[in-house]
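The values are calculated or read from the model by the stated rules, or taken from the named source; none is laboratory data. Everything quoted here is computed from the prediction, not taken from an experiment. All Cβ positions, glycine included, derive from the backbone under ideal geometry; neighbour counts span all protein chains shown. Side chains are part of the model used for accessible areas, which takes the heavy atoms of the whole protein and leaves out ligands, DNA and RNA. Shrake-Rupley method; radii C 1.70, N 1.55, O 1.52, S 1.80 Å.
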Amino acid sequence: MKGDSILNCVKLQYALLFGIICVCLPILTANGQTVDQSAYNRLVHSGMDKLKAGDYQAARDHFEQATRYNDTAFDGHMGLGIACYHLRDDANAERELIRATQINPTASLPYQILGELYYRKDDFTTAITNWEKAVKLNPADTGLRARLERIRKEHQTEKDFNREVTTHFLIRYEGREKIEAGKIVLRILEDAYSEVGRGLSYYPSQDISVILYSDAQFQDVTDAPGWTGALYDGKIRIPIGGIEQETPGLRRVLYHEYTHAVVHAITPRIPPTWLNEGLAQYFEGKEINARQKEFLRQLAQAGKLPPLSNLEGSFMGMDSNQAMFAYLLSLSAVRYMIDSYGLYRTKSVLEEIARGADTGRAISSGTMRSYEEFQRGWKQSLE
Ligand SMILES: [Zn+2]
């Protein structure tokens, strides 16, 4: 079993983020506005709508235009910083967010997103400094405090880890005895880089962080459910002992988590979990055995196949049996998608999600079938 790809606290923080930024929006009055100010307000509003829809490119365009009408207002720079953050345009995100802190030094949100930005770049010290400022400015925010505590703990665990940087990966692990393990992991990840890259015609432009833990450290840092073997939450985290040679299991885990990293690079928006986990299992080379096929056939014939919409959210809260079932359905649906429409169209479903489409719209533009038709086809393929 593998971990879920979605960092719950990022979602939480994200919900929070809109709460705060919407409060910051100026109340519009028809009177006393210059033409430029009303154009600014309109663009900030539409930028905000695009942000909420997850269409970060359009959001960036709107906020960028807004700052041309008013370069000294908070929301334009803040929104632009958030859009750039999601588009992984780190340099511009950093510049805009710092600008937002200069315009409104009492706002907690820019420091919070700056913290996320530095954390993503593995600059723990600067991330913690920014989160401390955010907490100081917004002490009532318990989610933010919890996030700061978690990152402090992670930093404490990992500060003495060895670091190794290759062309595509940044890997960290503790102790000299893991040097060999680190080399083995990197070698497999480079294979995954080529193979998954070839499959999806996609090679992430940014280094991917990989952290090797002991089992105890992994539980401590991630708080993942017991059935989790590894996870990707923006960084690949794997509990690993002092392995001395490659095993098929390790290869599968790394291909699986690396696929999540590629999916995340293709779509900064969260894709439906069944699609994400199905793709990860597909690239790890997981097969559906005869017993599972028979089980799915019986379900399909009895009309008891759950709708995929039930599997769009996180699997994190599931017990191990539910999770096993959810992963099986995910793999089955994605295999059907790839067999029927090919990897190219499957990837275009992800690209549609990246552009802000919901699952139904992404599937119908990717496969030319509605969500319902797609599921009907999947069910028939199992019967
Ligand atoms: Zn997974």
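Things worth noting here:
- Computed with every protein chain present, the accessible area of ASP339 is close to 120 Å² [probe 1.4 Å].
- Extreme residue, positive dipole direction of segment 204-321, given options ILE243, ALA216, GLY285 (C-beta unit charges): GLY285
- A simple rule links phi to the HN-Hα coupling: the Karplus curve 6.51 cos²θ - 1.76 cosθ + 1.60 with θ = phi - 60°, which for segment 87-101 gives 7, 6, 8, 4, 5, 5, 4, 4, 4, 5, 5, 5, 4, 4, 5 Hz, with x for Gly and Pro.
- Separation in nanometres of the label points that stand 7 Å from Cα toward Cβ, at THR72 and GLN57: 3.5
- One Cα centroid belongs to segment 125-159, the other to segment 173-222; the line between them spans 25 Å.
- Those residues of segment 185-221 whose amide nitrogen sits under 11 Å from the label point placed on VAL165, 7 Å along Cα→Cβ: 207
- Annotation: GLU312 carries an accessible surface of approximately 60 Å², with a 1.4 Å probe and no ligand, DNA or RNA atoms counted.
- Per residue, the chain exposes 44 Å² of solvent-accessible protein surface, assessed with a 1.4 angstrom probe and all protein chains in place.
- Panel values: segment 109-180, Kirkwood radius from alpha carbon pairs, Stokes-Einstein at 20 °C and 1.002 mPa s, translational diffusion coefficient 162 µm²/s.
- Relative frequency of Cα-Cα separations exceeding 18 Å in segment 287-383, percent: 48
- Estimated Rh, segment 31-90: Kirkwood, alpha-carbon pairs, angstrom: 11.1
- TYR40 contributes about 0 Å² of solvent-accessible surface, heavy atoms of the protein only, 1.4 Å probe.
- Unsatisfied cross-links (Cα-Cα over 23 Å) in the set LYS178/LYS235; LYS286/LYS347; LYS50/LYS121; LYS235/LYS347; LYS153/LYS178: LYS50/LYS121
- Amide H contacts of PHE169: ILE208, each under 5 Å away and 5 or more positions distant or on a separate chain (H built 1.01 Å from N in the peptide plane; Pro and chain starts excluded).
- Ratio of Rg to Rh over segment 173-320 (Cα coordinates, Kirkwood Rh, two decimals): 0.99
- Amide H contacts of ILE211 (H built 1.01 Å from N, under 5 Å, at least 5 apart or other chain): ARG172, ILE236, ARG237, ILE238
- The orientation-averaged projected area of the convex hull spanned by the Cα atoms of segment 107-254 comes to 9.7 nm².
- Percent of Cα pairs exceeding the 39 Å cut-off, where the set is the chain: 21
- In the chain, the portion of solvent-accessible area held by carbon and sulfur atoms comes to 50 percent [1.4 Å probe, whole percent, DNA, RNA and ligands not counted].
- Degrees between helix 8-24 axis and first principal axis of the chain (Cα, 0 to 90, nearest 10): 20
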